[in-house]
Structure formats: structure tokens, C-alpha cells
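The values are calculated or read from the model by the stated rules, or taken from the named source; none is laboratory data. This structure is a prediction, so every number in the text was calculated from the model and none was measured. Every residue, glycine as well, gets a Cβ built from its backbone with ideal geometry; the counts of neighbours run over all protein chains shown. Note: areas computed on protein heavy atoms with side chains; ligands, DNA, RNA excluded. Shrake-Rupley method; radii C 1.70, N 1.55, O 1.52, S 1.80 Å.
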Amino acid sequence: MNRMRTNSLSKVSLHAALLLWVVGCYHVAELDDDFESDFGSDSPPIIGWTEDSDPIYDTAPQSSSDDFSEDDETPSQPDYCLSLDGDEDYLRAHFSEELFLENSWTIEAWFRYYVEDSRAQPILRLGDGNTSIGMYFLYAQYSNSLPMGGYGYYAADYYGIQGTETPERGQWNHIAFTYQAGRQQLFVNGVLAGESTHTEGAYFIDDDLLLGAMPHPNILGYLDGDIDDVRISHGVRYAENFTPPANYPIDGDTIVQWTFQDDGQPSFVEDTHTLESELVGDAELILR
């Protein structure tokens with residue numbers, strides 16, 4: 001008799017528990033419907049339950065593959081430049097015949113200078129302190145009778161273009177000098193700043209190339225500023241006004257290029273080169 005009663009109570013308890021489970025599932029389904037009406041069909045995950053058996057949803061923003069672009073997954077490479085303080089610091093590229101330019105060529109760079117000074121503000125110069133005139137050169141401003149761009153055709157003689165205006169100090173400027181068949185052109189920020197024609201071409205000197213320095217004792221000068229994306233090329237890259245490129249691709253006309261991403265070492269199309277460069281004094285690479 002007691003065993004039968006016990007079995008009956010067990011069946012009743014089982015039925016009651018099953019009924020409570022069904023009611024609970026229905027209640028959760030109703031809550032899900034209510035949540036979808038407020039938050040849309042993509043319900044967030046349940047992270048817990050209240051004392052009244054109500055679900056606790058994770059309402060924090062959920063990431064999805066649509067939230068990320070390829071750029072987000074692959075950050076862009078930082079852009080560095082050569083920074084000089086005007087106190088005998090510069091970059092020296094040791095002599096190489098690769099730097100000798102003959103019939104048709106382009107030299108160009110981005111630069112920024114800070115000090116208003118009558119001394120030379122050199123950007124690029126093939127010719128160390130042993131030569132008064134470089135084989136080719138770029139200066140940030142017209143100073144001490146030195147033009148902004150030009151080339152030497154004899155040991156102490158040169159042709160150059162003064163430029164029509166002085167680039168703004170403290171701002172990034174682009175300068176380019178081209179030569180072909182005796183015709184030379186100077187571009188400042190993509191605008192033709194002057195041109196002329198001469199029969200003599202650039203003469204050869206076996207000297208180093210300097211970025212940011214003019215160490216000749218008679219015309220001493222060091223750039224107080226920054227230099228970036230220096231490129232020396234075969235051929236004339238610009239023949240009329242243009243928009244200066246933010247950076248240059250290395251192509252078949254590139255002789256050498258400095259982007260200052262690899263400790264100041266130059267970049268080439270091929271690896272069969274002998275040119276090496278070094279930072280002198282307090283010259284350093286900084287974020288542009």
C-alpha cells in the first residue's frame with residue numbers, strides 16, 4: 001500500500017516538473033519575441049539568468065566581419081623622413097659611378113626647412129667639401145648666389161636656376177630639377193620655376209653625395225629641417241606643371257631612391273649596386 005502511494009506521488013512530481021519546464025520554455029520564447037521586437041532579429045547571446053528565471057542578455061556591441069576592412073586588419077606603414085638640426089648633421093652616400101648622370105636625368109626631393117638664414121640650405125649635392133661646385137645640386141632657397149637647382153659643367157663653373165619664389169618655411173615642399181640635351185628646368189611644388197638651355201653637360205667628379213650639407217669652407221651650410229623621398233632618375237620625368245607625387249614607385253628609370261624606411265639606406269631596382277649611405281652627426285629618422 002505505501003509502495004503504491006509512493007509510486008503515485010513520484011508520477012505526480014514528474015508530471016509537475018515536466019509542466020514547469022514547458023511553461024518555462026514558453027516564457028523564454030515570449031521574452032525572445034519581445035527582445036526581437038526591441039532589438040531586431042539578431043538577438044544577443046544569453047549570459048545568465050535572474051532569480052525569477054528571466055534571461056540576462058549581453059547587450060554590448062558585437063563585432064562582425066562586416067565591421068572590419070582590409071585596411072583595419074593591415075595597418076599602413078609609418079612614414080619616416082630624415083631630420084636635421086642644421087648643426088653639421090647630414091646623410092653621406094659614398095661615391096659610386098651609379099651617381100654619375102649624363103644625357104638625360106631628374107633629381108627631386110621633398111623637404112621642409114625652418115630657419116631664415118642667408119647661408120645655403122642644401123637638400124642634395126653631389127660634391128663634398130673638396131669641390132666648390134657640385135656635379136648637381138638642389139637647395140631649399142636662393143642664397144649666396146647659389147641657385148635652387150643646377151649642375152656643374154666645370155670644376156668651378158655651373159649652370160643653375162634661381163627660382164621665381166622662395167618655398168614656404170615650415171611646410172613640406174617638393175623640388176625637381178631636370179636636364180636633357182642642354183635644356184634644364186626647375187619645378188617647385190609642381191610649378192615650373194624657371195628654365196634655360198646650355199650646350200655643356202654635367203662634368204664627372206668622383207665624390208660623395210650629401211643630403212642636407214654644403215661643407216665647403218667658403219660656402220658653409222647645413223639644412224635645418226627635414227628631407228624625404230629623394231629620387232635620382234634616368235630621363236626627364238617632368239616636362240610641364242604637375243602634381244607632386246606623395247611617394248615614388250621604384251621603376252626602370254630609378255637610379256637610386258631614399259625613402260628613409262630602412263635606416264637611411266637607399267633603394268634600387270636591382271641589387272647589383274655598390275652605393276651605401278650613413279647618417280652623420282645628430283641626423284636621425286623621425287615620423288613625418
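Residues in the range 92-114 that are open to solvent by less than 30 Å² (accessible area, probe 1.4 Å), of a type outside the set (Gly, Ala, Ser) and either part of a loop (DSSP other than H, G, I, E, B) or over 23 Å from Leu279 (Cβ atoms) (or both): Leu101, Trp105, Thr106. Among the residues of the range 166-186, just one is outside any strand (DSSP E or B) and aliphatic (A, V, I, L, M), namely Ala181.
Inside the range 189-211, residues that are farther than 20 Å from Leu101 by Cα and open to solvent by less than 30 Å² (accessible area, probe 1.4 Å) make up a count of 3. For the range 243-262, taking the residues that are in contact with a strand residue (DSSP E or B) (Cβ under 7 Å, 6 or more places away or on another chain) and assigned to a loop (DSSP other than H, G, I, E, B), the one that is nearest to Gln180 (Cα to Cα) is identified as Asp253. Residues that are among the aromatic types (Phe, Trp, Tyr) and open to solvent by less than 10 Å² (accessible area, probe 1.4 Å) occur in the range 138-149; there is at least one. Scanning the range 157-188 for residues that are under 25 Å from the mean Cα position of the chain (by Cα), open to solvent by less than 30 Å² (accessible area, probe 1.4 Å) and of a type outside the set (Gly, Ala, Ser) turns up Pro167, Asn173, His174, Ile175, Phe177, Thr178, Leu186, Phe187, Val188. All conditions in (1) open to solvent by 30 Å² or more (accessible area, probe 1.4 Å); (2) farther than 21 Å from Asp282 by Cβ; (3) in a loop (DSSP other than H, G, I, E, B) hold for Tyr238, with the sole exception of (1). When the range 216-243 is filtered for residues that are in contact with an Asp or Glu (Cβ under 7 Å, 6 or more places away or on another chain) and not basic (Lys, Arg), the ones remaining, listed by number, are Tyr222, Asp224, Ser233, His234, Gly235.
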